[in-house]
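Okay, structure first, notes after.
The values are calculated or read from the model by the stated rules, or taken from the named source; none is laboratory data. In this text, all values refer to a predicted model and were calculated from it rather than measured experimentally. All Cβ positions, even for glycine, are placed from backbone atoms using ideal geometry, and neighbour counts span all protein chains on display. Heavy atoms of the whole protein, side chains included, go into the accessibility calculation; ligands, DNA and RNA do not. Shrake-Rupley method; radii C 1.70, N 1.55, O 1.52, S 1.80 Å.
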Amino acid sequence: MILILPFALGGANTAVLTAATAIVYLGWAALALALVPSDARLVARMAPVVLPLILLLGWTALPFRPDLAPRLIAPPAAPDLLGVAWCHAFSLIALLIGCAGAARLPGFTRTTATWLCLCAVALITATLALRAFGTAEQIQRLVVDHRHHRFAGLIGNANAAGIFYGMLSLLLHGIARMRWRDWQTRPRGDLPTGAILAAFGVIVTLVLVALSQSRTALAATLAAHIACGIGYRSQRRSGPALVRWSIPALLLIATGVALWASAGAVLGRYGALGANGSGRIAILRHAIALASQAPLTGYGLGGFNTVNQRRLTPDTVLLVGDFGAAHNAPLQLAIEAGWPGLALVALALATLLWRIARAPSTPANRSDTIGRTMLLAVAVAATGSLVDIALNVPAIAALSAALLGITWGRTLRESATYPARHHATHPNPWPTAAMRNAKATPAGVSPSNRSIAPR
């Protein structure tokens, strides 16, 4: 609920809402870390990822005191937003660590994914009801992007809405596959209702991605679905083959028809990629120039808009004059936190992804698609942040941090559990070989003398 509700409030893309959600995320992370058991081994496994992030928080706090080294620390460009932006960054790191710790609990990943999808479905239902039955003023103010007049959900930005619905479609994909696998491995006489409903949710969210007319969101989402489907093998199940094959085939046909009917506008926008290419290159050059002017500590978190307005020229005013973000998350981080801040984030992410890639390959790990779809959802958000403002929306950044933390936490659970099984000291609850081969106690022999009874 705390991850989905901000999407109904414009993505929490105001200073007040960003501060409020940061407090909620910090409180949840503190509660999770306090309640979930941990040990020294867990701290040692998490340290390579957590330490660079802690250093990042210290590094981005330097603009609070530029008088410590006036020649090295640039004064913050937006002092009134520095505290809110720093608390938001702190809450994202805490959310990542808290979700990683909680994901070690059995069933946490499946339960979290299910509730995220249920809350998001309720939000989508309310959004579509508002679009269908709301007044023209409400629709124009809440559902439609005021700049490009495209469907923007309740976020206010069509491209960010497309990324959010793409992430949600991947979560629903994972839920559908999980329910379908449960139905296959547990022979029953009923239909896989849960899998069908989740697959229908995938179709609806893909249509919403197309309605947002976000080229990046549609391409990244479809590529992620294809990547998730590669290598899928259906489990054997006794039952009518008609049910096993007809339902996936009908869902694939319905998905194709829905995309064909709704993607006409966004497909037309792909034709303008060549014309937009030169403008994107000019925007990147402008962002690199800004980052090069304060390479050490940057201009402080939350200061891009202010410094962008100060550095406008007649050549760039038409391109980025109304930009509140750099439309490239790494470059914006370099502008606000300096190149060392970007290096710390890159180090933490590289270590985290390396740990995920090095997770032990087990049958449960290979068959469970929830973690894979969560990681692909984060990849969709990261792709959108390279050419747009996806991760600049606090709600999308928080959802990405939570999903990445859960995916990382699953690997911590597996690496901690499997070696311990071979060195357990508690009694084995299952019959041992000696217990299975032992004969019944002869009559007249007391249980206390069973060990010396004649065999």
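Cβ under 13 Å from ILE288's Cβ, ILE288 left aside: what net charge do those residues give with Lys, Arg +1 and Asp, Glu -1?
Local charge sum for ILE288: +3.
In what sequence, largest accessible area first, do THR297, THR185 appear using a 1.4 Å probe?
Sorted by accessible area, descending: THR185, THR297.
For region 1-92, what does the convex hull of the Cα positions come to per residue, in cubic angstrom?
120
Measuring from the lowest to the highest alpha carbon on each principal axis, how far does region 307-400 reach, largest first, in angstroms?
Dimensions of region 307-400 along the principal axes of its Cα atoms: 60, 24, 20 Å.
Whole angstrom only: what separates the Cα centroid of region 137-186 from the Cα centroid of region 282-352?
Rounded to whole Å, the Cα centres lie 28 Å apart.
Can you give the accessible area of THR316 in Å² (nearest 10), computed on protein heavy atoms with a 1.4 Å probe?
Here the residue's solvent-accessible area equals roughly 20 Å².
With a 1.4 Å probe and all protein chains in place, put VAL387, VAL266 in order of accessible area, largest first.
VAL387, VAL266
Around LEU82, under 14 Å between beta carbons, what's the net of Lys plus Arg minus Asp minus Glu among the other residues?
-1
Under 14 Å from the Cβ of GLY264, count the other residues' Cβ atoms, weight Lys and Arg +1, Asp and Glu -1, and hand me the total.
Summing Lys and Arg as +1 and Asp and Glu as -1 gives +3.
For region 6-141, what is the accessible area per residue in Å² when the probe is 1.4 Å?
52
Leaving ligands, DNA and RNA out of it, work out the accessible area of MET167 with a 1.4 Å probe and give it in Å² to the nearest 10.
Rounded to the nearest 10, that gives 0 Å².
Round to the nearest 10 and report in Å² the accessible area of LEU96, as given by a 1.4 Å probe over the protein chains' heavy atoms.
Around 20 Å² of this residue is reachable by solvent.
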